[in-house]
Amino acid sequence: MSKGDPFCIVCGKPPPLTSDKLCEACFRARNYLSKFPERIQQTRCPKCDMFLIDGRFGRMDHDDLMEYRAMEALSVHPDAQNLDIEIHADLIDDRTSRLTILIKGEIEGFQFEDNHEALLQTSNGVCQTCTRKAGAYFEAVMQLRSAGRRLEDDEVKELRMSLDDMLVDSPEDPMFFITKEGPVTGGWDLQLGSKAMARMWGRKLVNAHGGQTKETSTTVGHKDGVDITRLTLLYRKPAYEIGDVIKFRKRLWRVDTWQKDGPILLAMDRYERTGATWRDLEKCVVISQKKEHYEVDILRRDDSAVEILDPNDFSVRTLSFAYDISADDTKVRICLIEGEWTCMPRTRGEQGGK
Ligand SMILES: [Zn+2]
Ligand SMILES: [Zn+2]
């Protein structure tokens, strides 16, 4: 070995040497590919089974969670390349899993390989949502009512279902929960975890069923000089639905569509559409609901009348037809008005389709 030739700075061996002037044996002795702890802890809420992930409670598929926990705990040499990682999880019991990792990679061209094993242990920690639920916390009261009558049981059911749908569809907001709910005279009341939840649901109800919401705010306390308020949101479902026949200003109309301020009405007796406000219609009378309507075949027709089969007793009836009937129509929509079958003009939603 002549003077000036490179050599391992630890043991003096000749090349090949790494960039730090170490032979392979000395480099391996001083470097590791990966480190992995023997124990890993995770937190799960015992009430809702959500896991604390990155500082927030949430849900994750079991396999993904195991992989996430393993990768979170694994540290790898910053210069490692061509990594190949295999993760395996065995469930030992409800609170414990064994995580095994096989990791391969290169550092400075040398091939490294590690096997690790860790116990993943789950401890309890009640999430904020469950803490608040347990404390009967609520920010908003939602009142479901009908305009001018009591809400029927199946209506309550339908309105209430739309909340479940909304909770499934909305991204998991920890404040979207129901603290308490139940029947009250004329409708249904709910205590909700957040004002945003009440308002979002209110908008959904108005879009689906028409009507309006009314908000009132009450101060329930103070914290750090700021008023703490509770929102009461009253939703009044109109007594009518799209397609129903109603009596309004002494004439018969079908409810055609909704607008923000109220429904558009379609006259039964001649071609005429008119807008009304929710308030205008609070005292209207529903003459025939859409769910009681029939669409029946035209048996014969002449210039002003059609023959149809009475859906109740299958006898032939002659009715004067609605003003919007055309020569190609093979069916008409009928409803009972004061015991007589009557042809109805089509609402906007019924045009084009069948
Ligand atoms: Zn050496
Ligand atoms: Zn929880």
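The values are calculated or read from the model by the stated rules, or taken from the named source; none is laboratory data. Every value quoted in this text rests on a predicted model; they were computed, and no experiment measured them. Here Cβ is always computed from backbone atoms with ideal geometry, including for glycine, and neighbour counts include all displayed protein chains. The protein model used for the area step is the full one, side chains on, heavy atoms only, and it has no ligands, DNA or RNA in it. Shrake-Rupley method; radii C 1.70, N 1.55, O 1.52, S 1.80 Å.
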Task: Semi-axis lengths, Å, region 240-327, gyration tensor of Cα atoms, sqrt of 5 times eigenvalues - done: 28, 15, 10
- [ ] May I ask you to compute the full-extension gain from Arg160 to Asp63, defined as 0.36 nm times their residue separation minus their alpha-carbon distance, rounded to one decimal in nm?
- [x] 31.5 nm
Open item on the list: Rounded to the nearest 10 Å², what accessible area does His88 have for a 1.4 Å probe in the complete protein model?
Closed with: 100
- [ ] Any chance you could check the Cα centroid distance between region 281-318 and region 1-51 for me, in angstrom?
- [x] 85
- [ ] For region 57-105, give the magnitude of the charge dipole about the Cα centre (Cβ charges: +1 Lys/Arg, -1 Asp/Glu; no others), in debye to the nearest 20.
- [x] 140
- [ ] Tally up the carbon and sulfur contribution to the accessible surface of the chain as a whole percent, 1.4 Å probe, everything protein left in place.
- [x] 48
Open item on the list: Defining a contact as two alpha carbons under 8 Å apart and six or more residues distant in sequence, what relative contact order in percent does the chain show?
Closed with: 10
Task: Dipole in debye (nearest 20) - region 142-233, about Cα centre, beta carbon charges: Lys, Arg +1; Asp, Glu -1 - done: 400
- [ ] Between Phe110, Phe176, Phe57, find the one with the highest GNM mean-square fluctuation for the chain; connect C-alpha pairs within less than 10 Å.
- [x] Phe110
Open item on the list: Using a probe radius of 1.4 Å on heavy atoms only, what accessible surface per residue do you get for the chain? Whole Å² is fine.
Closed with: 59
TODO: Any lysines with Cα under 16 Å of the Lys104 Cα? List them, leaving off those in the same chain fewer than 8 positions away.
DONE: Lys35
Open item on the list: Using a Cα-Cα cut-off of under 16 Å, which lysines could be cross-linked to Lys195, ignoring same-chain neighbours fewer than 8 residues away?
Closed with: Lys133, Lys180, Lys204, Lys214
- [ ] Return the whole-Å distance between the Cα centroid of region 91-142 and the Cα centroid of region 58-90.
- [x] 11
Task: Solvent-accessible ranking of Thr122, Thr274, largest area first, probe 1.4 Å - done: Thr274, Thr122
Task: Ile264, Ile242, reordered so the largest accessible area comes first (probe 1.4 Å) - done: Ile242, Ile264
Open item on the list: Quick check on packing: order 157-166, 222-231 by the mean number of other C-beta atoms within 10 Å, highest mean leading.
Closed with: 157-166, 222-231
Open item on the list: On a 1.4 Å probe surface of the protein chains, which of Lys237, Lys133 comes out largest in accessible area, and what is the full order?
Closed with: Lys133, Lys237
Task: Base-10 log of normalised Debye intensity for region 21-72 (one unit scatterer per alpha-carbon) at q = 0.23, 0.25 Å⁻¹ - done: -0.91, -1.01
Open item on the list: What would the Debye equation give as log₁₀ I(q)/I(0) for the chain at q = 0.06, 0.09, 0.12 Å⁻¹, counting only Cα atoms as equal point scatterers?
Closed with: -0.50, -0.76, -0.97
Open item on the list: What does the charge count around Arg300 come to, taking other residues whose C-beta lies under 14 Å from its C-beta (Lys +1, Arg +1, Asp -1, Glu -1)?
Closed with: -2
Task: Of the chymotrypsin sites (Phe, Trp or Tyr not before Pro) in region 255-354, those whose Cβ has at most 16 other Cβ within 10 Å and which sit in DSSP loop - done: Tyr271, Phe314, Tyr323
- [ ] Nearest 5 is fine: what % of DSSP beta bridges in region 35-124 come out antiparallel, could you say?
- [x] 80
Open item on the list: Beyond a 18 Å Cα-Cα separation, which of these cross-linked pairs lie in this structure: Lys237/Lys260; Lys260/Lys290; Lys290/Lys331?
Closed with: Lys260/Lys290
- [ ] Would you look at the GNM of the chain, springs on alpha carbons closer than 10 Å, and say which of Glu241, Glu215, Glu24 moves the most?
- [x] Glu24
